[in-house]
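Working notes, structure below.
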Amino acid sequence: MAPDPLTLPAIHASHIGIWLADTHGRVQRVGRGEAIAAVAATPHLLLNATLTGDRLGYPELSGLDLLELFAFLYPARFAVPTPAGIAAAVGLTPPKAEEDIAAFLPQAAAAMLASLGDPGWPEREGAWHGAEALARQRWSWAPLVQPRLSRPDANDRWLFARLPEWEESSPRGAPRQVTIDEADVAARLDRLTGDGAERRPGQQDYARATAAIFAPRERKDAPRMLVAEAGTGIGKTLGYLAPAKQWIDQSAGSVCISTFTKALQRQLSRETERLYPDAATHREKVVVRKGRENYLCLLNLEDALQGGFSGRAAILAQLVARWAAYSRDGDMVGGDLPGWLPALFRRNGTTALTDRRGECIYAGCPHFRKCFIEHSARAATQADIVIANHALTMVQAARPRDGGAPATRLIFDEGHHLWDAADSMFAAALTGQEAVEIRRWVLGPEGKSRGRRRGLAARLADVASYDEAGDKAIQAAIQAAAELPGDGWLGRLSENEPWGAIERLLVAVRAMVYARGIDSRTADTGYGLETELADPDPQLVTAAASASDAIEALLRPLMALGKRLEALIEDPPDWLDGQARARVDGARHSLGTRIDTLGSWLSLLGRVGGPADPDFVDWLAVDRYDGREFDCGLHRHWLDPARPIAEVVYRPAQGVLVTSATLRGGGHGRGGWTDADIRTGARHMEGGVGHFAVPSPFDYARQSEVLIVTDIARGDLPALAGAYSRLIEAAGGGALGLFSAIRRLRIVHSRIADRLARAGLPLFAQHVDPLDTGTLVDIFRADPHASLLGTDALRDGVDVPGDSLRLVVMEGVPWPRPTILHAARRAAQGGSAYDDMVIRGRIGQAFGRLIRRADDFGQFVMLSPSFPSRLLSAFPEGTPIRRLPLDEAVNHVAAANVERRKSAFPAFSPS
């Protein structure tokens with residue numbers, strides 16, 4: 001029997017209205033002013049204070065947020081942060097209409113609080129002490145939680161006592177050289193897909209093809225490499241997992257699977273449960289790896305709990321501590337921490353609880369043996385399958401000191417993103433923000449800075465005490481780092497009052513950018529300014545020479561310190577015990593990264609006044625957001641970022657698979673595999689690179705159609721908003737709207753959200769709603785009437801099968817931004833053909849969101865009166881494509897919606 005609702009007032013606000021429920025559950029609709037007055041006078045029950053405050057226009061809103069209570073009661077559990085999601089999580093019937101939600105909240109709160117009296121409540125340990133700590137921070141739920149909790153007979157183990165310690169283990173041996181049999185791969189795939197599953201020839205062909213990368217390599221620097229395009233619905237994940245597991249069993253080797261999105265990492269983790277059905281074995285054999293900035297830092301958390309955080313941030317720290325005790329791996333970004341939790345504390349995010357500055361003190365940390373990052377790194381060295389992201393895979397290949405020995409077999413899923421990942425990984429930027437970060441890393445906190453951040457001297461105090469040469473190097477580095485930009489550098493630049501050689505360089509950069517750059521404020525490409533690094537003026541040349549001297553002055557002692565640390569490891573003194581050695585090793589890793597950065601800066605500065613390097617694109621930029629400057633500096637990118645992928649990542653491997661659904665630019669790229677080989681770097685590999693393609697099994701002629709709307713003029717924002725509104729209404733929701741500019745997204749959302757809400761069609765949007773992208777997708781997936789607007793992050797990696805996504809609307813052709821970098825690559829790669837390759841890939845990925853399984857039906861609408869015919873190859877062969885005015889497109893979408901409501905899958909064949 002459900003408990004009686006709490007006798008507390010509640011509020012619900014949406015785009016169509018505001019409702020208040022009194023202590024007796026009576027609900028009335030009120031205006032904004034009355035609602036604000038009510039919640040300001042008395043704390044109300046609510047769901048997502050941040051979102052509700054946005055809807056009220058009252059950002060200071062506080063109250064009894066059910067999401068905070070959920071995070072305390074059920075840490076590391078998943079729930080969609082909506083009334084229906086909470087109802088599903090606690091076993092209640094969801095409210096049927098918006099006006100019922102306010103009365104539902106007291107019922108949900110009572111059901112959640114009832115967990116406190118349940119003897120089987122699995123998260124009881126630590127709850128009493130957690131509630132006591134939250135009460136001291138004046139948490140609004142504490143008076144309701146504390147009376148329902150009994151003090152444990154014995155003291156609960158404190159968080160840091162409960163976490164397990166990692167153990168050292170011997171290095172994993174080299175894999176045996178074996179050749180796997182195709183028949184064994186096919187049999188394993190049959191077992192993985194299940195006895196009752198329909199045999200898919202395309203998936204079997206794909207599995208046999210990918211098995212080739214596991215054959216022994218014939219010569220050094222020439223891995224067995226396959227570039228494979230597998231259309232949506234082939235089941236490529238199991239297609240490559242089958243031969244991978246067969247090879248692992250026969251060779252005792254390990255495989256690294258690299259992805260671009262966190263969503264696919266989570267999906268792969270679930271899929272590998274088929275390989276290792278036992279949960280404990282799966283945790284041992286499959287490890288998800290991310291960059292260290294994704295994981296909770298226990299030392300940062302301890303500092304936050306002991307007074308480093310105050311106010312609302314202190315409450316967040318306590319809730320994160322509850323989560324940490326039950327988390328699988330401490331992953332705060334895309335792991336089992338609810339994505340909506342940090343958003344509840346919009347001005348007090350979780351970034352301070354992770355190691356984003358590279359200031360880890362490794363074995364000097366009292367929690368080193370329990371560190372989530374160290375757990376993950378060590379587990380990965382013993383795992384059969386490591387699921388990483390492209391960036392981390394490249395880092396470990398380029399800087400082996402930053403991780404364990406690389407796997408001999410690499411699988412790059414979402415391979416169409418390798419170009420972008422490498423473009424970021426192998427780039428160099430000498431900017432004010434980057435220089436400030438290195439200054440802080442060397443010097444530690446300055447002025448009124450708070451927190452645990454420690455400088456180089458503090459992190460290596462024992463080295464300085466026992467090694468005179470090391471101490472001299474540290475002191476020289478500190479003196480040189482003091483010349484780098486510090487707090488207030490942006491203000492000094494704008495006032496032309498630089499301090500130090502780097503700031504003088506940035507003043508010269510800024511002046512040249514403003515003199516030569518073209519202001520894009522009137523366009524939708526953003527507010528930044530840039531200009532080529534060509535024919536620099538004398539002021540910039542002189543400033544670059546002085547800046548090079550300043551950087552050299554820092555680089556020399558850091559390199560000397562690195563040599564001293566290596567000497568300590570090679571010939572350890574008596575005081576260098578296990579913990580000190582680990583601390584020195586950690587310092588070497590971090591030091592090497594900074595040395596690489598400073599080296600790239602010197603190379604970039606050498607270009608100022610010198611000859612251009614044909615392998616690179618160099619430019620100057622002033623970065624702005626909404627017209628406000630936030631960074632300034634020099635930039636260098638590879639003209640072809642796939643080249644370092646081939647040199648650094650592919651060549652050392654024994655076997656490489658690069659796979660995706662859209663490697664060939666949407667299906668029919670120029671020259672067959674030319675586009676794929678350019679974007680993946682396969683064209684830089686000597687010897688044979690195999691190619692394999694298998695089309696999607698979906699019947700796109702029956703399951704989809706493309707509508708190109710011909711009467712929405714580019715730049716006509718009222719017409720654009722009207723088109724989105726009419727199309728979403730015609731579809732009855734279930735729409736994904738994609739934009740290439742945040743400004744247009746916000747304008748369209750502001751014009752149509754209320755109208756759609758009145759029609760019972762909720763609308764959510766990136767960069768508008770105070771929720772992370774993963775949570776927005778969860779909400780969208782859970783409600784077939786909801787629609788979602790977003791930018792590039794939603795064009796790729798979003799898996800919403802079924803009725804919740806039945807319409808994709810793009811505001812227009814996703815032309816590449818006309819940046820200096822793009823212009824250089826366009827000129828080098830064939831002009832407009834390069835543009836077409838990029839655009840086809842983007843459109844193909846957007847279309848790929850639409851049909852995810854055999855019973856899906858969807859429509860793709862492009863709001864472009866002049867969509868080039870040459871780009872139609874971005875869509876799968878056989879897809880019906882029609883050019884028509886908006887009125888007819890709306891009729892097509894409405895007709896499909898009628899058919900959808902008649903049957904689970906519409907046998908829709910538009911005339």
Do any residues in region 206-221 that are at positive phi have Cβ atoms under 6 Å from those of residues that are of a type in the set (Val, Ile, Thr), where the two are at least six apart or on different chains, and which pairs are they? none
Could you say whether any residue in region 603-612 is small (Gly, Ala, Ser), in a loop (DSSP other than H, G, I, E, B) and surrounded by 15 or more Cβ atoms within 10 Å (Cβ to Cβ)? yes
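Go through region 181-226 and count every residue that is among the β-branched types (Val, Ile, Thr) and surrounded by fewer than 20 Cβ atoms within 10 Å (Cβ to Cβ).
Looking only at that region, the number is 1.
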Scan region 91-103 for residues that are under 34 Å from the mean Cα position of the chain (by Cα) and not in a loop (DSSP other than H, G, I, E, B) and report the count. 3
When you go through (1) part of a helix (DSSP H, G or I); (2) touching a residue at least 12 places away in the same chain (Cβ under 8 Å) one by one for residue 227, which number turns out not to apply? (1)
Yes/no for residue 647 being in contact with a helix residue (DSSP H, G or I) (Cβ under 7 Å, 6 or more places away or on another chain) and surrounded by fewer than 19 Cβ atoms within 10 Å (Cβ to Cβ): no
Can you find even one residue in region 183-204 that is closer than 21 Å to residue 256 by Cα and assigned to a loop (DSSP other than H, G, I, E, B)? no
Can you name every residue in region 770-793 that is under 19 Å from residue 721 (Cα atoms) and of a type in the set (A, V, I, L, M, F, W, C)? 786, 788, 789
Test of understanding: among 617, 648, which residue is under 29 Å from the mean Cα position of the chain (by Cα), under 30 Å from residue 264 (Cβ atoms) and not in a helix (DSSP H, G or I)? 617
Odd one out for residue 332 among (1) surrounded by fewer than 24 Cβ atoms within 10 Å (Cβ to Cβ); (2) within 14 Å of residue 376 (Cβ to Cβ): (1)
Which of (1) in contact (Cβ under 8 Å) with a residue 24 or more places away in the chain; (2) touching a helix residue (DSSP H, G or I) at 6+ places or on another chain (Cβ under 9 Å); (3) in a loop (DSSP other than H, G, I, E, B); (4) farther than 30 Å from residue 237 by Cβ is the odd one out, the single condition residue 865 does not satisfy? (2)
Could you look through region 207-251, keep only residues that are of a type in the set (Lys, Arg) and closer than 16 Å to residue 175 by Cβ, and pick out the one that is nearest to the chain's Cα centre (by Cα)? 245
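Here is a check on your reading of the model: is residue 28 modelled with pLDDT of 95 or more, more than 20 Å from residue 141 (Cβ to Cβ), in contact with a Leu (Cβ under 9 Å, 6 or more places away or on another chain) and polar (S, T, N, Q)?
Details: modelled with pLDDT of 95 or more: yes; more than 20 Å from residue 141 (Cβ to Cβ): yes; in contact with a Leu (Cβ under 9 Å, 6 or more places away or on another chain): yes; polar (S, T, N, Q): yes.
So residue 28 fits the description; yes.
Is there a residue being acidic (Asp, Glu), in contact with a Ser or Thr (Cβ under 9 Å, 6 or more places away or on another chain) and touching a residue at least 24 places away in the same chain (Cβ under 8 Å) anywhere in region 39-59? So that I can check it myself, show each step before the final result.
Initial filter on region 39-59 (acidic (Asp, Glu)): 54.
Within this subset, residues satisfying the condition of being in contact with a Ser or Thr (Cβ under 9 Å, 6 or more places away or on another chain) are none.
No, region 39-59 has no match at all.
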Quick test for you: out of 798, 813, pick the one residue that is assigned to a loop (DSSP other than H, G, I, E, B) and buried (at least 23 other Cβ atoms within 10 Å of the Cβ). 798
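The values are calculated or read from the model by the stated rules, or taken from the named source; none is laboratory data. Everything numeric here is computed off the predicted structure, so don't read it as measured data. Here the Cβ is made from the backbone with ideal geometry for all residues, glycine too, and neighbour counts use every protein chain on show.
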